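The values are calculated or read from the model by the stated rules, or taken from the named source; none is laboratory data. Small disclaimer: the values here were computed from a predicted structure and weren't measured. The accessibility values were calculated without ligands, DNA or RNA, using every heavy atom of the protein model including side chains. Shrake-Rupley method; radii C 1.70, N 1.55, O 1.52, S 1.80 Å.
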Amino acid sequence: EIPLCSTAYGGQVENWQSCLELCSETQACQQAVFSNGHCWGMSQRSSQDQDGLGGNNTNWISAHCYGEMCPVLPVGDRFVDLGPWRIAAWDDDHLSIANRVGRKAIV
């Protein structure tokens, strides 16, 4: 749990991209977590689900940063964001495909 550049741990940022850039610019940052305009920098990588809801990651975005390079696609525990779309594990047998407006399908 570390500050990112001059942004406090859990500090408010403009968007996910800003959070990811702050992690990339902070040498000790191994993972960035973003939710509701706030950004948390982690000194260790984790595959744990931050909100404890399994595949139903409605408000969290998380990405592991390796060295100075973060992934282009935001990924987390059983989900990947592709532009305005999120593909996530709903349970062991189903996926959910959702957009930022909140519409989703379970397949």
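Things to note:
- Residue order for Ile2, Ile87, Ile106 - accessible surface, 1.4 angstrom probe, largest first: Ile106, Ile87, Ile2
- Ordered from largest to smallest accessible area (heavy atoms of protein chains, 1.4 Å probe), the residues Cys5, Cys39 come out as Cys5, Cys39.
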